Amino acid sequence: MGTILDLHSHSESSEDSRAPVEAYLNWIRLRRDERPVDGIVLTEHRKFDRDADYRELEDRFGLVVMRASEVETDYGHMLVFGVNGELLHRFDFANVHLNAQELIDAAAQSGAVVVPCHPGRPTIGLWEHYRHREPLRNVVAVEVLNGGSRKGEELQSRELAETHGYRMVGGSDSHLVSLIGLCATRFEADIRTMEELVRELRDGRYDAIDFRPGRRSPQRSHTASDV
Amino acid sequence: MVTRAPAKTFETVVIGEMLGPHAIVITREQARNYALACGMSTPRFMSDEDARREEGLPAMLTPGNMTLGILAKLVTDWLGSGSGQLARIGTTFRSFVHPGVELTLHGFVTHTDQAARSADLDVWMENEDGERLVVGTATVAFGPAE
Amino acid sequence: MSSDEYDSFESGRFEPQEGRQAESGSEQAPERFDPSLLGKLFDLTEPVTVTAQMIRDYCAAIGEDNPAYNEPSPDDQLLTAPPSFAVLLKRSEKIYRCMPRYDEAFAAGQDLEYLAPIREGDRITLASSMRETYEKTGRSGKMSFVVLRSTLTNQRGETVAHIDHRFVYRS
């Protein structure tokens, strides 16, 4: 079994995307043979949609839809899974200068987990900050596959993950309907809830998986036949 | 001149349908002529030499709104001369588009609305490395059924 | 569309006003905005008359060869402009002179809502307001965004288009 999730996507709730969640799910259904993901995580920019409810869409499409956030910190952009009242109270998600270490620690203490995204990207990726600052403590994973990467950025991301022993995830970072699910993360465990996702990101077994044309991960055929 | 596609009707629009890919190269002359047609005689749109000397840029640029125009044309060419009209297009200029570079235009129908008789599309322009330089979405409306 | 994606931009094409010096030392453009500008409707421009030559030049420039925009309508012998023609009518708007450091702004994107055809002989009036400002960080560092909305009206008082222009200041 196992679960394949696109851990990084932006719906029309993010200011720079016009993609409706329903259109994302419909697109996955249409392209299931080439992007066999079981669900998506909406990581809206600098906010958390506490009250959004996608249960009807989940049932209709048979896909998981979870809510998370992409925030901006002094070490670059980071995905926050398991956003909770404590984090929202303590941090202003709209602040583009959040303290990354404080966020990581507060997340760990409150049942959430922080995953730096596109770490190989200039300015907003971990790699550049690590060149002249102390590495962050308690990072468990980074995003090594990102659908918006430029040439060379993913190599940099992977190198950083290997150097520091971080586990690796993937996400499409889609802002357009047709780009959803092109990068994802394959978990060995079955995941249906955010609690399970946080637990697996911290302690489980998983790997980044690439469904982009011409760049498919070697595991793909195996995974596709499993789903 | 290209052969014009038959007029698109709402009934024949399918989610997942692809526009392009079309390979294009915007020439320096086209970019300059567009800028002049818009009254923008800024050095960066005039020549590589002007862009380098006056603005310290590596090469001259294609105006952002020209790339919007080219993506709008991808959609209107696909619509043909039927009742379908471009109702909205929004683009984000992610990166410099230098004239002379090989570009590919892409589009997909992503949503249809039976009640409004409209469709939404993704459109983008990418370079040879597959990097999306300009991305956007568009809505086309077909008007009331005959 | 991601904020992460901005490497570089077409620079804004604003001519500095005479005698105006580029301001320096400001870190965050929106902090320099007069808050009363937000939502304020700026004066209407003098109408721009759309000529056949403007439409032809525009079609030639973007390689538009569709007969619908290149050949006059059999009904009235007038040309109809391609929808994207609307984005180039914003030049004379006074709103740009109210943007701080406007000569340093870069065009980050445009959103065009096209409501009625613009045709040869139309006289188009523009009205603009400053809609929104916000901040984010991207490949090229911290960025402050300003969104201006222009509404285009023809000589019959019909709204022909709304255009949101997104500009970014990098610090």
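The values are calculated or read from the model by the stated rules, or taken from the named source; none is laboratory data. Computed from a predicted model, the values in this text were never measured in an experiment. Positions of Cβ are generated from backbone atoms using ideal geometry, with glycine treated the same way; all protein chains shown enter the neighbour counts. The protein model used for the area step is the full one, side chains on, heavy atoms only, and it has no ligands, DNA or RNA in it. Shrake-Rupley method; radii C 1.70, N 1.55, O 1.52, S 1.80 Å.
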Check: About the Cα centre of the range A:3-226, what is the dipole size in debye to 20, counting +1 per Lys and Arg Cβ and -1 per Asp and Glu Cβ, all else neutral?
Finding: 620 debye
Margin query: For the range C:63-78 and the range C:135-171, what is the centre-to-centre distance using only Cα atoms, to the nearest Å?
Written below: 30 Å
Next item on the list: Choose one of B:Gly136, B:Tyr34, B:Leu57: the residue whose Cα lies farthest towards the positive end of the charge dipole of chain B (beta-carbon charges +1 Lys, Arg; -1 Asp, Glu; about the Cα centre).
Entry: B:Tyr34
Checklist line | Amide H contacts under 5 Å for C:Val160, placed H, 5+ residues apart | finding: C:Leu152, C:Thr153, C:Asn154
Next item on the list: Kindly report the accessible area of the range A:3-226 per residue (heavy atoms of protein chains, probe 1.4 Å, no ligands, DNA or RNA), in Å².
Entry: 40 Å²
Note to self: Can you give me the long-range amide H partners of B:Leu57? Hydrogens built in the peptide plane at 1.01 Å from N, cutoff under 5 Å, separation of 5 or more residues or another chain.
What the structure shows: B:Arg52
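Let me know the charge dipole size of the range B:2-118 about its Cα centre in debye, to the nearest 20, where only the beta-carbon of Lys, Arg (+1) and Asp, Glu (-1) is charged.
Values: 11 positive and 11 negative charges, 35 e Å.
In total the dipole reaches around 180 debye.
How big a patch of accessible area, both sides summed and in Å² to the nearest 100, lies buried between A and B at a 1.4 Å probe? Each step should come with its number before you reach the end.
Values: alone 10530 and 8040 Å², together 17180 Å².
Looking at A and B, the buried total is near 1400 Å².
So for the protein assembly as shown: antiparallel DSSP bridges make up what percent, rounded to the nearest 5?
Working: 92 of 110 bridges.
Percent antiparallel among DSSP bridges in the protein assembly as shown is about 85.
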Next item on the list: Using per-residue counts of other Cβ atoms within 10 Å, averaged over each peptide, order C:109-122, A:87-100 from highest down.
Entry: C:109-122, A:87-100
Margin query: Through the Karplus equation 6.51 cos²θ - 1.76 cosθ + 1.60, θ set to phi - 60°, convert the phi angles of the range C:125-136 into ³J(HN,Hα) values in whole Hz; use x for Gly and Pro.
Written below: 9, 10, 10, 10, 9, 8, 8, 6, 9, 7, 10, 7
Note to self: So if I take the centroid of the Cα atoms in the range A:8-67 and the same for the range A:75-118, what is the distance between those two points in Å?
What the structure shows: 21 Å
Next item on the list: Pop out the ³J(HN,Hα) list for the range B:71-80 in order, Karplus 6.51 cos²θ - 1.76 cosθ + 1.60 with θ = phi - 60°, rounded to Hz; leave Gly and Pro as x.
Entry: 6, 4, 5, 4, 6, 5, 5, 5, 5, x
Check: Under unit Cβ charges (Lys, Arg +1; Asp, Glu -1), what dipole magnitude, rounded to 20 debye, does the protein assembly as shown have relative to its Cα centre?
Finding: 360 debye
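Which pairs in the list A:Lys47/B:Lys8; A:Lys151/C:Lys142; A:Lys47/B:Lys73 are over 31 Å apart, alpha-carbon to alpha-carbon?
Details: A:Lys47/B:Lys8 40 Å; A:Lys151/C:Lys142 22 Å; A:Lys47/B:Lys73 35 Å.
A:Lys47/B:Lys8; A:Lys47/B:Lys73, as the Cα separations exceed 31 Å there.
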Checklist line | the range B:1-41-the range B:113-136 distance, computed between alpha-carbon centres (Å) | finding: 12 Å
Note to self: Not counting ligands, DNA or RNA, and with a 1.4 Å probe, what is A:His77's accessible surface area in Å² rounded to the nearest 10?
What the structure shows: 0 Å²
Check: What GluC sites (Glu not before Pro) does the range B:1-41 have in DSSP loop regions with at most 16 other beta carbons within 10 Å?
Finding: B:Glu17
Check: Which of B:Ala115, A:Tyr166, A:Ala106 sits closest to the plus end of the dipole of the protein assembly as shown, meaning its Cα is farthest towards the positive end, when Lys and Arg get +1 and Asp and Glu get -1 on the C-beta?
Finding: A:Tyr166
Next item on the list: Provide A:His164, B:His106, A:His8 ordered by accessible surface of protein heavy atoms (probe 1.4 Å), highest first.
Entry: A:His164, B:His106, A:His8
Item checked: Under 5 Å, built H, 5+ apart or other chain: amide partners of A:Val169 -> A:Val142, A:Glu143, A:Val144, A:Leu145
Margin query: Please compute, for peptide B:102-108, the average count of beta-carbon atoms on other protein chains lying within 10 Å of each residue's beta-carbon.
Written below: 1
